[in-house]
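The block underneath contains the structure these notes are about, expressed in structure tokens.
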Amino acid sequence: MLIKILLLCVFFAIMIGIGLYCRKHATDVNGFVLGGRSVGPWLTAFAYGTSYFSAVIFIGYAGQFGWKYGIASTWIGIGNALIGSLLAWVILGRRTRIMTQHLDSATMPEFFGARFNSKALKVGASVIIFIFLIPYTASLYNGLSRLFGMAFHIDYTVCIIIMAVLTGIYVIAGGYMATAINDFIQGIIMLFGIIAVIAAVIMSKGGFMEALNGLASVEDPAVSATPGAFNSFFGPDPLNLLGVVILTSLGTWGLPQMVQKFYAIESEKSIHKGTIISTLFALVVAGGCYFLGGFGRLFSDQINIEADGFDAIIPTMLSNLPDALVGLVVLLVLSASMSTLSSLVMASSSTLTIDFLKDNFIKNMSDKTQVFVIRVLIVVFIAISVVIAVIQYRSAVTFIAQLMGVSWGALAGAFLAPLLYGLYWKGTTKIACWCSYVWGAGLMMLNLLFRESFPMILQSPINAGAFAMLSGLIIVPVVSWLTPKLDRQMVENCFSWYEEPVKVPAKFALSDGEE
């Protein structure tokens, strides 16, 4: 117990110290929200990765999908690395950085407002983010209850409050730069933690081959009648597995807290390095989490899924590990949760201030006032998320839990297509963006309220979210072709910086003067 408490104390002291150190970077909106657009590749890549993977992934998703799909759930982590990280950086990174700086936008709604010359689009996006990021923020605490109960035997509410207060201190003090530096440290903990935990759990079952053989002998007729389904290449249910891969991988392309990381990239070199670092980070952390979860059924004699739920799987797998390793796991999950929490509250508060309150309710809002309001809203958002998490924990309010499940799908379904087409296609129209907003957020709200009326395959929020995103990629171009185009000169101005000539080394382009 002493080892675990000392690890936590050192961890929290470092987080707060970095927050106080970074106060000098957080004196204006650009510095507080984007770190002055001067964040290097390592910090940006780790900030992207740690915002991506939270306790929801490690405790909730890894346990749930590992139980459902066996070792094939590793494909989810691979998809997160290749689609959610590699392709996201390659396709969105450079263009997002260039256009957002050109349009002087610090948030996703501000980008939509400037790119499509529509104040209403900006406000609409900020409302969607406010509605769906709060329950998503509250869900971050879910994975901590059983883990802290196992490690410290203290009340879950105390854990929530401690984590929320400490995260709030360093985010409020140091802004984005403090978040990025802490994300880097937390990312290192996550990398070492997941490797150590996988090795320990597999060794506890006799080694890798022995664990695989044990998984091959597991049978569950309710899931699949095929022998050895849980250690097969695609698992017992490839179609639903594909839905999970799409939602958790492609979904990052439309999440404001993820895309906003590209706004702060320092240089071209940072994009190249960040792409590689972010992909490798996702491969180890996400691939490792789902790989570990795939062995969950080997512990079925210790778990009652009907009574305890899927969140009990990973803590049960870890319950017999040495104290020092349990302490590392606690730091791993805390790091995953705090990094994502800081990213979400930063995105929520900056969006509500810059895109909703500024000019609409508070005229002539100075830079200093904006930073102050963002800091106040960070406190408000963290407090609301704590209240929601405690209410859910202490009562049977299933509506809140369901709302958390649709948050990711609603945000990505609403924003992915407008962002992608807005960066690449001059023909994207304002009405097409509205259609995507209504379709993505509306479909997921209907799925929440009238789930049983949906076709069987779309009753799952995971599949419904994946469908919302993919169909949005069709809706936006079709509606754009049928609706009035934006002012040509305004659109050309948005894309003009893509054509700005820059000097590059000869290895990237031949000189025009060569014979």
Could you please report the charge total around Gln459, scoring K, R as +1 and D, E as -1 over all other residues with beta-carbon less than 14 angstrom from its beta-carbon? 0
Quick check: the distance between the Cα centres of the range 158-217 and the range 1-77, to the nearest angstrom? 9 Å
For the range 178-193, just list the computed ³J(HN,Hα) in residue order, Karplus coefficients 6.51, -1.76 and 1.60, θ = phi - 60°, integers in Hz, with x standing in for Gly and Pro. 5, 4, 5, 5, 5, 4, 5, 5, 5, x, 4, 4, 5, 4, 5, x
Using alpha-carbon positions, what is the distance between the centroids of the range 114-142 and the range 243-277, in Å? 18 Å
Per-residue Cβ neighbour rank within 10 angstrom, fewest leading, Trp425, Trp439: Trp425, Trp439
How large is the direction-averaged shadow of the alpha-carbon convex hull of the range 220-322, in nm²? 9.7 nm²
Under Karplus coefficients 6.51, -1.76 and 1.60, residue-wise ³J(HN,Hα) of the range 203-218 in Hz, glycine/proline x: 5, 5, 10, x, x, 5, 5, 5, 5, 4, 4, x, 5, 5, 8, 6
Return the loop-located chymotrypsin sites (Phe, Trp or Tyr not before Pro) in the range 274-317 (DSSP other than H, G, I, E, B) with at most 13 other Cβ atoms within 10 Å of their own Cβ; answer none if there are none. none
Residues other than Phe372 with Cβ under 15 Å of its Cβ, Lys/Arg counted +1 and Asp/Glu -1, net out at +2
Within straight cross-link reach of Lys261, meaning Cα distance under 18 Å, which lysines are found once same-chain residues fewer than 8 apart are removed? Lys269, Lys273
With 30 Å as the cut-off, how large is the P(r) tail for the chain, expressed as percent of Cα-Cα pairs? 47 percent
My understanding is that a pair violates if its Cα-Cα distance is over 21 Å; which of Lys119/Lys358; Lys119/Lys368; Lys24/Lys122; Lys24/Lys358 do that in this structure? Lys119/Lys368; Lys24/Lys122; Lys24/Lys358
So which chymotrypsin sites (Phe, Trp or Tyr not before Pro) in the range 195-245 are both in a DSSP loop and have at most 12 other Cβ atoms within 10 Å of their Cβ? Phe233
How would you rank Leu331, Leu255, going from fewest to most other Cβ atoms within 10 Å of each one's own Cβ? Leu331, Leu255
For the range 354-488, take every pair of Cα atoms, bin their distances at 5 Å starting from 0, and report each bin as a whole percent. 2, 10, 14, 13, 13, 16, 15, 10, 5, 2, 0, 0
Would you work out the charge dipole size for the range 2-394 about its Cα centre, treating the Cβ of every Lys and Arg as +1 and the Cβ of every Asp and Glu as -1, and quote it to the nearest 20 debye? 1200 debye
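The numbers here are math on the coordinates, done by the rules we state, and not lab data. For clarity, every value in this text was computed on a predicted model and none was experimentally measured. As a convention, Cβ positions derive from the backbone with ideal geometry for all residues, glycine included, and neighbour counts pool all protein chains shown.
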